1. Among the residues of the range 43-72, write down those that are closer than 9 Å to residue 84 by Cβ and of a type in the set (S, T, N, Q).
2. Taking the range 35-62 as the region of interest, how many residues are surrounded by fewer than 16 Cβ atoms within 10 Å (Cβ to Cβ) and part of a loop (DSSP other than H, G, I, E, B)?
3. Would you please list the contacts, defined by Cβ atoms under 8 Å and residues six or more apart or on different chains, that run from a residue in the range 33-47 that is touching a residue at least 24 places away in the same chain (Cβ under 8 Å) and within 17 Å of residue 90 (Cβ to Cβ) to a residue that is aromatic (Phe, Trp, Tyr) and assigned to a loop (DSSP other than H, G, I, E, B)?
4. Residue check, residue 101 against (1) within 15 Å of residue 27 (Cα to Cα); (2) modelled with pLDDT under 90, all met but one. Which one?
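The values are calculated or read from the model by the stated rules, or taken from the named source; none is laboratory data. As the structure is a computational prediction, the values presented were derived from the model and not from experiment. Quick reminder, even Gly has a Cβ in these numbers, built from the backbone with ideal geometry, and neighbours come from all protein chains shown.
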Amino acid sequence: MKNNAKEYMAFDALKGLREVIKQKEKCVLKKNSVVFDSEADLKEKLVLLVPGSRATVVYYWEGEFVSVTGRVSWISYGMQRLRVGHRELRFGDIVNIKDAPPAEF
């Protein structure tokens, strides 16, 4: 049994990588630094988003305002959800949307 554990230890070498990526993706903001879009502005901006475009979205989640920047991979007006980066967001939680700067490589 111990040999099996050693065999799989190489896969744990990247164990912390996923957590670092999640932390980089998420940026917690102070409430006084958040700009709130009106409901009409949000609807207009949501209509302009298309899969493949980049955006920075500020949303309310678990008592915090969080900013995420990434590529919009899908958007569903029926479900009122969109995915930015690795985060799936409900339209009702979004408080601000803006175009994102080009990705850095």
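1. Result: 56, 69.
2. 8
3. Pairs found: 46/77.
4. Condition not satisfied by residue 101: (1).
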